Ligand SMILES: NC(=O)c1ccc[n+]([C@@H]2O[C@H](COP(=O)([O-])OP(=O)(O)OC[C@H]3O[C@@H](n4cnc5c(N)ncnc54)[C@H](O)[C@@H]3O)[C@@H](O)[C@H]2O)c1
């Protein structure tokens, strides 16, 4: 099935990147936000990103307006009715996602494929909010931040996903210039299943006094060639987001390696979310480019 028109739900960090990437690949895109202000804010971010790509020569100057012209914003779900594929990138809240899918199921054409960009929720649990015919056309498309730059997309199938729909989704990932990997619907898919226990273990190492914040980060950076250490990466991802994902994964697998360590919970309670709140494992308030390690243990 050819995908020409894409609907995107949410124009936040991920939704705006997904919309931009689809439009850059030549697809028409309709983006739905809850208010027109949020829509405008999301599109302002997209325009800024396209300008940077044009300045760097990644896209030709004339492409900037062309790509922007393929995207429209709306606050109405019904404007997504004739899309071939809908990628949902709204906040990580199961009830809200289920209710949105239920409404969309009634509005969209029978062929529309539904996809979720969730990081940790079960695709199957979202799928069951739609009618049986749609359930075969329900998949996960897990992109990575920043979407226009990151090359990976995890394409996730449930036990009911139609094989042809799954293949179309993999092909869609390729059309976007990404490398698609196939994964089954288990919390965390491939990347977070491996990454989250590693990040949580770095917090445990700090709690247990194995090393300081800077030494743990340098250990993995210089010893393993990682572009950044795990505690710096946690500050980028957001400690609140990581805590939330870890809770979901722990509930799914009931294994200690997914359990959020007490220090992570305390930091989230205290509002130390990482870069976005100014402080996490490092303090970014004085100089965001040269953050200083926090005194936490
Ligand atoms: N941030 C990441 O690094 C990352 C990476 C991969 C996947 N994800 C997943 O992507 C999804 C979105 O994350 P984000 O970081 O972009 O969040 P975000 O908070 O930046 O954006 C979410 C947007 O969804 C909008 N929204 C809420 N309800 C809506 C609705 N019913 N219809 C349309 N829009 C609605 C909000 O107004 C908000 O602008 C989550 O499921 C998250 O788990 C995030």
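The values are calculated or read from the model by the stated rules, or taken from the named source; none is laboratory data. None of these values were measured; they are calculated from a predicted model. Cβ atoms come from the backbone with ideal geometry, glycine included; neighbour counts cover every protein chain shown.
A few points about this structure:
- Test: residue in region 233-241 that is within 13 Å of the ligand (Cβ to nearest atom), without any contact (Cβ under 8 Å) to a residue 60 or more places away in the chain, closer than 30 Å to residue 115 by Cα and in a loop (DSSP other than H, G, I, E, B): yes
- Positions within region 97-115 being within 23 Å of residue 13 (Cα to Cα) and either in the same structural domain as residue 238 (by TED's automatic domain parsing) or surrounded by fewer than 24 Cβ atoms within 10 Å (Cβ to Cβ) (or both), in sequence order: 97, 98, 99, 100, 101
- Qualifying positions in region 18-46 - under 20 Å from residue 150 (Cβ atoms), touching a helix residue (DSSP H, G or I) at 6+ places or on another chain (Cβ under 8 Å) and assigned to a helix (DSSP H, G or I): 19, 20, 23, 24, 42, 45, 46
- Condition check for residue 87: farther than 20 Å from residue 178 by Cα, outside any loop (DSSP other than H, G, I, E, B) and near the ligand (Cβ under 10 Å from one of its atoms): no
Here's the yes/no breakdown for (1) near the ligand (Cβ under 10 Å from one of its atoms); (2) under 12 Å from the mean Cα position of the chain (by Cα); (3) crowded, with 23+ Cβ neighbours inside 10 Å:
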residue	(1), (2), (3)
95	no, no, no
117	yes, yes, yes
145	yes, yes, no
155	no, no, yes
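- Where a residue in region 32-55 is in the same structural domain as residue 19 (by TED's automatic domain parsing) and over 24 Å from residue 85 (Cα atoms) and its partner, wherever it lies, is part of a helix (DSSP H, G or I) and more than 16 Å from the ligand (Cβ to nearest atom), with Cβ under 7 Å and at least six apart: 51/64; 54/61; 54/64
- Filtered residue count, region 8-47, keeping only those that are touching a strand residue (DSSP E or B) at 6+ places or on another chain (Cβ under 6 Å) and within 10 Å of the ligand (Cβ to nearest atom): 8
- Under the condition of being at positive phi and touching a strand residue (DSSP E or B) at 6+ places or on another chain (Cβ under 8 Å), the residues counted in region 194-249 number 1.
- Residue list for region 221-232, restricted to those being buried (at least 19 other Cβ atoms within 10 Å of the Cβ) and either without any contact (Cβ under 8 Å) to a residue 40 or more places away in the chain or more than 16 Å from the ligand (Cβ to nearest atom) (or both): 229, 230, 231
- Selection of region 280-297 for residues being within 13 Å of residue 213 (Cβ to Cβ) and part of a loop (DSSP other than H, G, I, E, B) yields 280, 281, 291, 294, 295, 296, 297.
- Under the condition of being surrounded by 15 or more Cβ atoms within 10 Å (Cβ to Cβ) and in a helix (DSSP H, G or I), the residues counted in region 185-200 number 8.
- Some residue of region 174-184 being out of contact with any helix residue (DSSP H, G or I) (no Cβ under 7 Å at 6 or more places or on another chain) and in a loop (DSSP other than H, G, I, E, B): yes
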